[in-house]
Amino acid sequence: MKRMLSGVKPTGRLTLGNYIGAISQFVAFQDEYDLYIFIANMHAITVPQDSKELRRNTRDLIALYLACGLDPQKVTLFVQSYLPQHTELGWILTCHSYMGELQRMTQYKDKTAKGETGITAGLFTYPSLMAADILMYDADYVPVGMDQKQHVELARNLAERFNHRHGETFVVPEPIVPTVGAKIMSLQNPTKKMSKSDDNPKGTIDLLDEPAVARKKIMSAVTDSLGVIHYDVENQPGISNLLTILSRLSGEAIEDIVKRYEGKGYGDFKKEVGQAVFDFLTQLQNKYQQIIAAGQIDEIIAAGNAKAGRIADKKVAKVKRKLGLNILK
Ligand code: TYM
């Protein structure tokens with residue numbers, strides 16, 4: 001069975017973008033792959049976090065993973081901060097990363113281009129830690145949304161570079177990006193990615209939003225004045241985004257939805273998308289409540305941490321041997 005790994009950062013609440021771009025893929029792949037899914041909480045602290053909120057968001061994220069359909073019998077679920085091997089290998093890979101390649105990473109580039117101050121060294125080097133997360137487990141595939149593809153490509157480069165310098169050590173991973181929904185856009189600014197850290201809550205649907213509130217957000221989503229329902233990202237980014245959301249939640253192909261709406265207006269279309277989001281969130285949140293009530297999160301994570309830890313120990317030991325870092329006979 002091929003191995004697959006991915007993770008989500010518990011900064012803020014999870015969005016519909018995270019679900020469509022990443023988590024729904026994890027669920028779809030869990031029967032076919034040896035799947036490792038983790039909470040990237042060491043990545044979360046690259047920007048300042050409130051400790052109470054971080055703890056709450058982390059537990060919510062685990063419960064949401066389960067509510068979205070990840071089955072702990074099939075998937076190894078773990079929390080990064082419990083595995084110090086990640087930061088250890090992260091450091092080693094930082095020492096194999098060039099300043100130039102980290103400077104080219106979009107998140108860092110965007111923040112510096114905007115003139116943001118207070119950018120931490122951790123934010124600059126985090127793609128090397130992400131490479132460690134992936135290479136630690138010899139993942140063949142890494143399912144991610146479009147914005148993370150560049151980081152998986154860095155992980156590939158680092159794996160190849162390390163193998164070349166020190167001999168075969170890491171599997172070279174491949175990113176898997178969904179064909180529909182790899183980049184869900186903000187509802188208020190459909191040329192910008194829907195993001196957990198958006199200042200405008202109307203642009204983002206949180207998986208824990210009241211379903212009625214989420215429906216309102218869809219109804220007030222920014223569209224255009226063309227008045228036709230077409231998938232045209234360039235000229236109709238808002239409508240195209242809503243088509244993508246509806247298609248991914250209902251399973252109906254975008255072309256079929258477009259055909260059904262020939263000659264019809266935006267009002268009816270938005271109502272249908274709003275209802276699909278409402279139904280999806282209602283169902284998801286019911287499951288989320290059941291999972292919280294069942295109180296099994298600690299047990300699931302302890303088992304996942306232990307299993308991941310065994311693999312991580314072996315890999316770090318091997319890497320240290322290759323580098324001449326273990327000297328005791
Ligand atoms: P994060 O937490 O920003 O996002 C988690 C996943 O959700 C996807 N995503 C989206 N997909 C479609 N539309 C959107 N609007 C949208 N917003 C987010 C992301 O592409 C991602 O797949 N660095 C990573 C976490 C990480 C990781 C890893 C992932 C750390 N180590 C190792 C894979 C493998 C991050 O910040 O994702």
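The values are calculated or read from the model by the stated rules, or taken from the named source; none is laboratory data. The model shown is predicted, which means the values in this text are computed figures rather than measured ones. Ideal geometry is used to build each Cβ from the backbone, glycine not excepted, and the neighbour counts take in all protein chains shown. Each accessible area value is taken on the protein alone, full model and side chains, heavy atoms only, with ligands, DNA and RNA left out. Shrake-Rupley method; radii C 1.70, N 1.55, O 1.52, S 1.80 Å.
A few comments on the model shown:
- Flag if Glu88 is in a helix (DSSP H, G or I), open to solvent by 50 Å² or more (accessible area, probe 1.4 Å), away from the ligand (no atom under 13 Å from the Cβ) and not hydroxyl-bearing (Ser, Thr, Tyr): yes
- If the condition is being within 27 Å of Arg248 (Cα to Cα) and either among the hydrophobic types (A, V, I, L, M, F, W, C) or modelled with pLDDT under 95 (or both), then the stretch 35-56 contributes Leu35, Ile37, Phe38, Ile39, Ala40.
- Wholly enclosed helices (runs of 4 or more DSSP H) of the stretch 179-281 bearing at least 2 residues hydrophobic (A, V, I, L, M, F, W, C) and free of Cβ contacts under 8 Å to residues at least 40 places away in the same chain: 237-250, 254-260
- Every pair of residues 6+ apart whose Cβ atoms lie under 7 Å, when the first sits in the stretch 81-109 and is without any contact (Cβ under 8 Å) to a residue 40 or more places away in the chain while the second is among the aromatic types (Phe, Trp, Tyr) and assigned to a loop (DSSP other than H, G, I, E, B): none
- Exclusive hit being among the aliphatic types (A, V, I, L, M) and out of contact with any Phe, Trp or Tyr (no Cβ under 9 Å at 6 or more places or on another chain), set Val228, Val222: Val222
- Checking each residue in the stretch 128-165 for being away from the ligand (no atom under 11 Å from the Cβ), open to solvent by 10 Å² or more (accessible area, probe 1.4 Å) and farther than 26 Å from Gly304 by Cα picks out Glu153, Asn157, Glu160, Arg161, Asn163, His164, Arg165.
- Taken as a whole, the structure leaves Thr46 outside the set of residues that are in contact (Cβ under 8 Å) with a residue 60 or more places away in the chain and either among the acidic types (Asp, Glu) or under 28 Å from Phe278 (Cα atoms) (or both).
- Enumeration of residues in the stretch 194-252 that are in contact with a Gly (Cβ under 7 Å, 6 or more places away or on another chain), open to solvent by 50 Å² or more (accessible area, probe 1.4 Å) and β-branched (Val, Ile, Thr): Val222
- Taken over the stretch 186-208, the criterion of being within 15 Å of Gln148 (Cα to Cα) and of a type in the set (A, V, I, L, M, F, W, C) is satisfied by Met194 alone.
- Filtered residues of the stretch 28-52 (kept if more than 10 Å from the ligand (Cβ to nearest atom), outside any helix (DSSP H, G or I) and open to solvent by 10 Å² or more (accessible area, probe 1.4 Å)): Gln30, Asp31, Glu32, Tyr33, Asp34, Ile45, Val47, Pro48, Gln49, Asp50
- Of the listed requirements (1) more than 10 Å from the ligand (Cβ to nearest atom); (2) more than 25 Å from Gln283 (Cα to Cα); (3) open to solvent by 40 Å² or more (accessible area, probe 1.4 Å); (4) in a helix (DSSP H, G or I), Arg55 misses just one: (2).
- Picking from residues in the stretch 6-20 that are over 18 Å from Pro175 (Cα atoms) and assigned to a loop (DSSP other than H, G, I, E, B), the one that is farthest from the ligand (Cβ to nearest atom) is Arg13.
- For the stretch 18-27, the set of residues classified as under 14 Å from Thr179 (Cα atoms), open to solvent by 10 Å² or more (accessible area, probe 1.4 Å) and either small (Gly, Ala, Ser) or under 9 Å from the mean Cα position of the chain (by Cα) (or both) consists of Ala22, Ser24, listed by residue number.
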